[in-house]
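Quick notes on the structure that follows.
The values are calculated or read from the model by the stated rules, or taken from the named source; none is laboratory data. Quantities reported herein were computed from a predicted structural model and do not represent experimental measurements. All Cβ positions, glycine included, derive from the backbone under ideal geometry; neighbour counts span all protein chains shown. With ligands, DNA and RNA removed, areas are computed over all heavy atoms of the protein, side chains included. Shrake-Rupley method; radii C 1.70, N 1.55, O 1.52, S 1.80 Å.
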Amino acid sequence: MALRAGLLDIVKASITGSIIGNVLLVLGLSVLVGGLKFARQTFNRTAAGLGATLLALSAIGLVVPAIFHLVVHGNPAAHEQELSLEIAVVLFVTYLLSLVFALRTHKHLYAGKTAHAGDEALGVAGWSKTKSMLVLLTATALVALMSEFLVGAVEHTAHTLGMTDVFVGVILVAIIGNAAEHSTAVLMASKNQMDLAMNIAVGSSIQIALFVAPVLVFIGYLSGQPMNLLFTTFEVVSVVLSVGVVSLIAMDGESNWMEGVQLLAVYVIQAIAFYFLP
Amino acid sequence: MALRAGLLDIVKASITGSIIGNVLLVLGLSVLVGGLKFARQTFNRTAAGLGATLLALSAIGLVVPAIFHLVVHGNPAAHEQELSLEIAVVLFVTYLLSLVFALRTHKHLYAGKTAHAGDEALGVAGWSKTKSMLVLLTATALVALMSEFLVGAVEHTAHTLGMTDVFVGVILVAIIGNAAEHSTAVLMASKNQMDLAMNIAVGSSIQIALFVAPVLVFIGYLSGQPMNLLFTTFEVVSVVLSVGVVSLIAMDGESNWMEGVQLLAVYVIQAIAFYFLP
Amino acid sequence: MALRAGLLDIVKASITGSIIGNVLLVLGLSVLVGGLKFARQTFNRTAAGLGATLLALSAIGLVVPAIFHLVVHGNPAAHEQELSLEIAVVLFVTYLLSLVFALRTHKHLYAGKTAHAGDEALGVAGWSKTKSMLVLLTATALVALMSEFLVGAVEHTAHTLGMTDVFVGVILVAIIGNAAEHSTAVLMASKNQMDLAMNIAVGSSIQIALFVAPVLVFIGYLSGQPMNLLFTTFEVVSVVLSVGVVSLIAMDGESNWMEGVQLLAVYVIQAIAFYFLP
């Protein structure tokens with residue numbers, strides 16, 4: 001709806017905010033909370049490495065249109081729509097192939113004992129399919145309802161406090177909108193299920209960058225209100241820095257509380273900058 | 001010859017194109033084809049790490065002159081030639097030292113059983129030196145002749161199709177000119193000789209960046225038609241992004257088909273952008 | 001004192017120079033000298049990874065104000081002071097927490113046998129506390145005195161040779177001012193104590209970026225001569241490139257002489273560029 005109304009900047013800000021929020025705030029809190037209980041936590045390096053590379057691909061999908069815009073003087077609007085559309089197709093196809101990888105050819109890296117352990121960590125082991133489904137639907141409806149109230153309330157308060165749209169979109173809405181991911185990922189980390197916590201945090205970012213963003217570009221194209229992948233300089237830099245830090249932390253397959261602190265520090269620095277941006 | 005004629009931009013575009021093409025397209029295809037046959041392929045991490053760092057050094061050799069040009073207002077042409085010449089010397093010396101590393105002090109990381117396995121994979125084990133030499137000379141001559149025809153034909157067709165010089169140089173010429181590397185690297189990967197495939201793909205890029213480019217700068221300097229290392233913004237960004245992604249994928253010493261898909265996705269995104277660049 | 005006199009640019013140049021000098025020159029020389037004696041040296045990957053991430057955090061602390069300055073047109077001076085001050089607080093808190101990590105919760109990664117081995121490498125094993133303290137004080141005083149003489153002499157010579165302030169600050173002063181770190185780190189590496197050499201080189205950079213720089217911002221704020229974290233474009237790019245290369249080299253937990261050559265090559269390339277900068 002926000003898309004149809006042409007509020008493209010807010011949509012884009014919430015895309016960036018969700019990516020940064022998940023890989024820095026959600027993952028940072030998970031690593032910190034898990035690390036305070038366990039001196040050293042490990043996770044599958046291959047899966048984490050794939051996640052980091054998919055995040056890097058997402059970042060490249062934002063960097064290339066931004067540099068294109070910078071380099072091409074004059075009126076590049078027409079070609080930029082085409083460029084964004086074709087990049088969106090590449091990102092979308094890569095996302096579909098990553099599902100084939102995770103769910104079919106290399107599912108042993110993700111599923112198996114961890115999924116079962118996840119059920120136990122959440123206290124839902126042994127639930128029937130019908131019960132699971134009902135709880136899921138009820139919970140989703142409640143979360144959606146509460147998010148709506150919360151986001152509305154926060155936006156109102158934020159504007160009376162003089163906060164800008166971009167800060168509200170990138171930081172506040174992202175924090176509240178991802179509350180479910182936050183709590184689940186932190187819970188998993190505190191049960192020493194770091195593979196699941198990584199999956200939730202990094203996986204959510206990847207879904208937004210490689211699935212949600214391309215689909216919005218497709219919808220915009222079909223509905224005649226084209227949306228491109230051209231984000232503001234600061235958003236692009238934020239995503240690139242976030243992906244770089246997460247790669248450094250994820251590539252070695254282990255985590256400790258200090259790595260959580262560092263992810264959170266990068267988040268806070270960027271949140272401060274977004275706050276002061278006019 | 002293209003250098004002497006002053007066609008520096010085309011020379012530079014083919015340098016960038018060869019680097020990007022080798023580390024993204026050749027390596028991506030190799031990893032994908034190899035990964036479709038083998039669920040998980042491994043290679044020597046130390047050698048791959050050295051390759052990634054040499055690529056990073058190459059990227060720095062392009063970034064520093066570009067930022068210098070950006071920062072220094074006015075007429076910096078004179079200092080830029082000196083800067084490029086001295087950077088070329090540093091890159092060239094580093095390349096020579098890397099040969100000492102690979103061929104003398106740490107040759108066990110590269111040679112040995114893999115070279116023999118490579119002979120077998122190519123079906124040339126047991127050939128005499130004379131036979132090897134004759135086949136090599138004939139093949140090289142044929143490839144050079146066919147490349148000449150192909151590149152000429154492609155350039156003509158490309159221009160009638162309205163493609164720009166930079167797209168032809170960076171993408172088309174690079175694909176066709178590196179056909180030999182392509183087929184050998186993919187063949188090696190499909191025989192599970194990932195060390196050799198990595199060597200060909202990453203090694204070719206390194207040779208171009210740390211040997212061919214500096215030598216062209218030296219020749220230009222001596223012949224009075226100076227060539228510098230100042231590439232376009234988009235070329236520099238492309239090389240940096242490519243090196244970043246390859247580092248992420250190479251550092252862990254193992255590969256799977258999805259990593260090949262990701263390298264190819266980054267290549268396609270950049271090719272699209274080069275296509276639309278004016 | 002240089003701070004109070006308002007010579008902020010020289011202070012900043014020496015901050016950047018110390019960071020770059022330590023992670024490229026000191027670490028490069030150590031890895032090279034150690035690598036010439038030992039074919040392959042190893043160090044703790046977790047500690048090295050933490051160092052690389054803290055360096056990345058430092059780089060982000062420089063990148064964010066620079067991009068903010070670039071993005072915000074008009075007169076952003078007031079907000080930039082606030083932004084720098086708050087970022088300095090985040091960096092400082094992270095530094096304090098990293099001390100808790102290194103000295104308390106995860107001290108086994110750093111101390112223990114290596115500290116003892118370090119004493120032996122330096123030939124000071126078995127010294128009493130009083131003797132150690134006296135030698136330390138005397139040595140520090142002598143080094144400070146000699147540095148003062150040297151830096152003064154070098155600055156004079158450098159300016160008569162036509163070198164710029166920024167080259168003197170970033171390159172010359174950093175080399176001479178860090179002479180103690182240089183010799184100790186190289187000595188440790190040559191005794192195969194790579195953990196200690198890494199600690200000295202990377203640790204010094206982190207101290208300057210996350211402790212000295214924030215403290216200078218605090219002092220500037222309190223003394224009414226505000227210093228911000230806004231560095232020149234070339235300094236920011238240099239720090240980012242240096243951190244990237246060090247991460248590539250440190251993450252795998254092993255080193256060889258060629259990695260030292262590469263660090264030095266990156267240093268020389270940047271020194272050349274700083275020399276030609278007006």
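Given a 1.4 angstrom probe, I'd like the percentage of the accessible area of the protein assembly as shown that is carbon and sulfur, rounded to a whole number.
Summing carbon and sulfur atoms, their accessible area is 68 percent of the total for the protein assembly as shown.
Using 1/(1 + (r/R0)^6) with R0 = 60 angstrom and r between the beta carbons of A:GLN225 and B:PHE38, what's the FRET efficiency to the nearest 0.05?
Plugging the Cβ-Cβ distance into 1/(1 + (r/R0)^6) gives 0.85.
Any idea how far apart A:PHE211 and A:SER183 come out in nm if each label point goes 7 Å out from Cα toward Cβ?
2.2
Once the label point is set 7 Å along the Cα-to-beta-carbon vector, what list of distances in nm do you get between C:THR42 and its counterparts in the other copies?
1.5, 1.5
Under a 1.4 Å probe, what is the accessible area of chain B per residue, stated in Å²?
Heavy-atom SASA per residue in chain B reads 43 Å².
For the pair A:ASP9 and B:HIS73, what calculated FRET efficiency results from E = 1/(1 + (r/R0)^6), where r is the Cβ-Cβ distance and R0 = 30 Å, to the nearest 0.05?
FRET efficiency, B:HIS73 to A:ASP9: 0.40.
Which three extents, in whole angstrom, do the alpha-carbon atoms of chain C cover along their principal axes, largest first?
Principal-axis extents of chain C (Cα, largest first): 59, 45, 41 Å.
State the dimensionless ratio Rg/Rh of the protein assembly as shown (Rg: radius of gyration of Cα atoms; Rh: Kirkwood radius).
Here the Rg-to-Rh quotient is 0.96.
Measure nothing fancy, just the Cα-based angle from helix A:129-160's long axis to the longest principal axis of chain A, in degrees from 0 to 90, nearest 10.
50
List, shortest first and in nm to one decimal, how far the label point of B:GLN225 (7 Å from Cα along Cα→Cβ) is from its counterparts in the other copies.
Spacings between copies for this position, smallest first, are 5.6, 5.6 nm.
Put a label point 7 Å from Cα along the Cβ direction on C:LEU96, then list its distances to the equivalent points in the other copies in nm, shortest first.
In nanometres, ordered from closest: 5.3, 5.3.
With a ≥ b ≥ c taken as the square roots of the eigenvalues of the C-alpha gyration tensor of the stretch C:224-278, please select rounded if a/c is under 1.5 and otherwise prolate if a/b is larger than b/c or oblate if it is not?
Oblate, since a/c reaches 1.5 and b/c is not below a/b.
Estimate for me the total accessible surface buried between chains C and A (protein heavy atoms, probe 1.4 Å, no ligands or nucleic acids), in Å² to the nearest 100.
Heavy-atom accessible area buried at this interface is about 2700 Å².
Taking the axis about which chain A rotates onto chain C, which residue of A lies nearest it as judged by Cβ position, and how many whole Å separate them?
A:MET251, 4
Using a Gaussian network model on chain B with a 10 Å cutoff between Cα atoms, which of B:LEU99, B:LEU241, B:LEU161 fluctuates the most?
In this elastic network of chain B, the residue with the biggest mean-square fluctuation among B:LEU99, B:LEU241, B:LEU161 is B:LEU161.
How far is it, in nm, from the label point at A:GLU82 to the one at B:LEU97 when both lie 7 Å from their Cα along the line to the Cβ?
It works out to 4.7 nm between the two label points.
What longest region of chain C stays clear of trypsin sites (Lys or Arg not before Pro) that DSSP places outside H, G, I, E and B and that have at most 15 other Cβ atoms within 10 Å?
C:41-278
Checking the cross-link filter: which lysines have an alpha carbon closer than 18 Å to that of B:LYS191, excluding same-chain neighbours under 8 positions apart?
B:LYS37, B:LYS113
Tell me, how many Å apart are the Cα centres for the stretch A:12-64 and for the stretch A:150-201?
With the stretch A:12-64 and the stretch A:150-201 each reduced to a Cα centre, they are spaced 14 Å.
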